[in-house]
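The structure appears below as structure tokens.
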Number of protein chains: 2
Amino acid sequence: MARYVFKFGGTSVGDAKRIKSVAEKVKQAHSEGHEIIVVVSAMSGETNRLTALAGGLLVKPNPREMDVLLSTGEQVTIALLSMALGALGCPAESFTGGQVEILTDSVHSKARIKDIGVAAIQNCLKSGKVAVVAGFQGVNEQGHITTLGRGGSDTTAVALAAKLKASECYIYTDVDGVYTTDPRVEPTARKMDSITFEEMLEMASLGSKVLQIRAVEFAGKYNVPLRVLSTFSEGNGTLITYEDDGMERALISGIAFNRDEAKLTINGVPDLPGVASKIVGPIAANNIEIDMIIQNIADDETTDFTFTVHRNDYHKAVALLEEIKTSLSAKKVSGDDTIVKVSLVGVGMRSHSGIASKMFDVLASEGINIKMISTSEIKISVVIDEKHLEAAVRALHKSFELAGRPVL
Amino acid sequence: MARYVFKFGGTSVGDAKRIKSVAEKVKQAHSEGHEIIVVVSAMSGETNRLTALAGGLLVKPNPREMDVLLSTGEQVTIALLSMALGALGCPAESFTGGQVEILTDSVHSKARIKDIGVAAIQNCLKSGKVAVVAGFQGVNEQGHITTLGRGGSDTTAVALAAKLKASECYIYTDVDGVYTTDPRVEPTARKMDSITFEEMLEMASLGSKVLQIRAVEFAGKYNVPLRVLSTFSEGNGTLITYEDDGMERALISGIAFNRDEAKLTINGVPDLPGVASKIVGPIAANNIEIDMIIQNIADDETTDFTFTVHRNDYHKAVALLEEIKTSLSAKKVSGDDTIVKVSLVGVGMRSHSGIASKMFDVLASEGINIKMISTSEIKISVVIDEKHLEAAVRALHKSFELAGRPVL
């Protein structure tokens, strides 16, 4: 007998038929003698419906009340799923975030979990019932309802798995696992049987949005094995766990890419201490997230500073940079919002050299110009022109033999 | 400065425009310096939508989970109304039943309020905010969500008014007050400026369904003046309060009627102690509510027993009575599901005699045969054939001068 957390996203519980099919899956595991905690999202479309209700008021919605509104979405799902389970003879009890008690900070719509009460769920499991928990929501110390932000149900599931010491946390979704790259770009992309937390973090943050990055961080931090798998088909999905030293790891696990990037450069900045923060500070203060940052010394007295932002923030960032240019007496601001980032990810890089040079060779042989490079211990990212994205991903996927490699 | 509870039903908050207009009304009172607690129902149609979601599962819904599901309806409204108020510059904070804490027993879907926590709302009012409370819902001692049953928002409002010692509880609805009888039956029916709790109880339980009967009981018990008025038009509505001895009361306040009645008789029952409970017991055990009961001695050894039930329960009640007939060796079971009940209500009856005989005279002069009579201190009810309903109500309304009488 083991204890598992199952998480089902909005599409998996999108209508009565799907809820019943989720109930069948849960019942199966419960009847095998396991303790099951199910975390569910709002039915697909529900969050949009609720947001539209608030939108109908034509006012700026109060964040506290927006959370009160949106949290009803998952509450509907927990009630329906618990009913469906009960009707299958599988006893179940529903829990809102407040009932669990999932304690968060007070940042409405983007709250972070601080602690989780276990008594209520432990009692539920002890009495032989399935615990059905509303994802995405919690309460702060004053008992006000908070939400973890869109997709936060993954985080709820992982946090519960950590706190309740579950053997594994299953994230059921509409894809059957994590792929070496996006199959829409490279049809030979292969589902991985396993991937490390670190690799998954790099894959997720770089654009393979199977899982919420916060959930992966959490899982890694508390060493909760995560499994991403499909609600709608059979199969074991992809297990995300710590590197097993006994395992022969491939050099490269996958290729992530991000189409939403834009690049900005400010040239001729005086090369003095504190200058970087004078550039990055105002950008961050305007809620623009900066991704890659590169600084080159141009000559003895000035430096060039280049960074990337989300494409939606490009024009705002250019305007801010023009102001910064004046205040710093820099020379020029330039930018490009037709670029993409492509990254090789793999823990194997740690012990193998030559990955970067091979990557650059492959791109060169395709006639692809590299505009920026950034590396970490387990990834190499390059910025290239967006028109080369497909060619780059395919050439790299082939050269690093991601398609043909036998299953780990 | 006074403290008021305002309650708005589902129609009053049925869409964004109406929610904004409710917010205007609340803001007005708040800006006059009053402390306002607003209790709201689910938006009209919402409870049906949620019930249909559960219905889509095609299973018998678990009552606990049904309450979890349905309670989201008011939660949506409190969030939207609080947002609308905030946008008008009227600070507001929403409260679910659990957040208030409205403590109930554990009878899901028909819970009764046991106590109400006041700290959270007191703090909210003290900080100058409007408290927006979800009606119809509470939590039991284990923290499970309960509902008070349809229309229970009235009860929430009155209970809050009692506990928070509000000056008055305003029930905003889609009618502009309590009428002497149903204006659809008698066009000269007049809105009353005031009515006593006892009269209102008789009116409500007899079919003038403006207010939940439980709410009126509660208001009477804790002496909370209630005011029924329209959300959509101006006017002071009808005040429901204790009899003011200084007031010249009319003999009759109003005429209530109920079209949903059916009548059953079991003849030739042995006239022995305990027989009545042997008849009523099995009926009640099958969740059939009995309204009027009349027992007549037929001869020395047997008696006839007649009672009324809701028309929907008629066939079930007949079947039960056939079984009872056999076990009691009674003679015959008969019944009629084409009857209605018409009642005169008025505290003035207490001090005036002759009302009953005048009522019977009026009906006789219309050629209306009376099938059953039942009286209490402040009402006289008769059962007549349903085809005579309109004629009876109109003749009584005219004879007791309900239309023409000057306003109290």
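The numbers here are math on the coordinates, done by the rules we state, and not lab data. Please read all numbers here as calculations on a predicted model, not as lab measurements. Ideal geometry is used to build each Cβ from the backbone, glycine not excepted, and the neighbour counts take in all protein chains shown.
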Between copies, how far apart are the B:Gly354 label points? List them in nm, one decimal, shortest first, with each point 7 Å from Cα toward Cβ, please? 11.9
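Evaluate the charge dipole of chain A about its Cα centre and quote only its size in Debye, nearest 20, assuming +1 on the Cβ of each Lys and Arg and -1 on the Cβ of each Asp and Glu. It would help to have the intermediate numbers written out before the result.
Working: 43 positive and 50 negative charges, 201 e Å.
With only Lys, Arg, Asp and Glu charged at Cβ, the dipole is about 960 debye.
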Angle, helix B:389-399 long axis vs. longest principal axis of chain B, Cα atoms, 0 to 90°, nearest 10? 80 degrees
Give the peptides B:302-311, B:251-260, B:357-366 in descending order of average Cβ contacts within 10 Å, highest first. B:251-260, B:302-311, B:357-366
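Would you kindly calculate the mean projected area, averaged across all directions, of the convex hull enclosing the Cα atoms of chain B, in square nanometres?
On the way: hull surface 90.5 nm².
Directional mean of the projected Cα hull area for chain B stands at 22.6 nm².
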Rounded to the nearest 10, the angle in degrees between the Cα long axis of helix A:16-31 and the longest principal axis of the Cα atoms of chain A comes to 70 degrees
With the cut-off at 1.5 for a/c, could you classify segment A:3-174 from its C-alpha gyration tensor as rounded, prolate or oblate? oblate
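Counting only other residues whose beta carbon sits under 11 Å from that of B:Gly235, what net charge do I get with K and R as +1, D and E as -1?
-1
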Checking the table A:Lys7/A:Lys126; A:Lys17/A:Lys114; B:Lys25/B:Lys191 against a 26 Å threshold on Cα-Cα, which pairs fail? A:Lys17/A:Lys114
Taking each residue of A:49-59 in turn, how many C-beta atoms of other protein chains fall within 10 Å of its C-beta, and what is the average? 5
Cβ nearest the rotation axis (B onto A), residue from chain B and distance to the nearest whole Å: B:Thr72, 2
Nearest-first distances (nm) between copies at A:Gln122, label 7 Å from Cα via Cβ: 3.4
Relative contact order [Cα under 8 Å, 6+ residues apart], chain B, whole percent: 13 percent
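When only Cα pairs under 8 Å and 6 or more residues apart are kept, what is the percent relative contact order across segment B:3-174? If you can, show how the numbers build up before the last one.
Values: 367 pairs, mean separation 52.2, N = 172.
Worked out over segment B:3-174, it gives 30 percent.
Give me a single rounded figure for B:94-101: the average over its residues of other chain Cβ atoms within 10 Å of their Cβ. Numbers along the way, then the final one.
Working: counts 8, 3, 8, 0, 6, 7, 0, 1.
Taking all residues of B:94-101 together, the mean is 4.
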From the phi angles alone, apply the Karplus equation (6.51, -1.76, 1.60; θ = phi - 60°) to segment B:36-45 and give each ³J(HN,Hα) in whole Hz, x where the residue is Gly or Pro. 10, 10, 10, 10, 10, 8, 5, 4, 4, x
Work out how much length A:Arg350 to A:Asn286 would gain on full extension: take 0.36 nm times their residue separation and subtract the Cα-Cα distance, in nm to one decimal. 19.4 nm
Expected integer from the mean partner chain Cβ neighbour count at 10 Å over B:68-77 is 6
Magnitude of the Cβ-charge dipole (Lys and Arg +1, Asp and Glu -1) of the protein assembly as shown about the Cα centre, nearest 20 debye, reported as 280 debye
What does the copy distance list look like for A:Gly281, label position 7 Å along Cα→Cβ, in nm and ordered from shortest? 8.7
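Could you rank the peptides B:282-290, B:102-110, B:6-14 by their average count of other C-beta atoms within 10 Å per residue, with the highest value first? Don't skip to the answer; put the middle values down first.
Details: B:282-290: 13.4, B:102-110: 18.7, B:6-14: 24.6.
My ranking of the peptides, most packed first, is B:6-14, B:102-110, B:282-290.
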Using only the alpha carbons of the protein assembly as shown, what is the convex hull's orientation-averaged projected area in square nanometres? 44.4 nm²
So what's the angle, to the nearest 10 degrees on a 0 to 90 scale, between helix B:72-87 and the longest Cα principal axis of chain B? 40 degrees
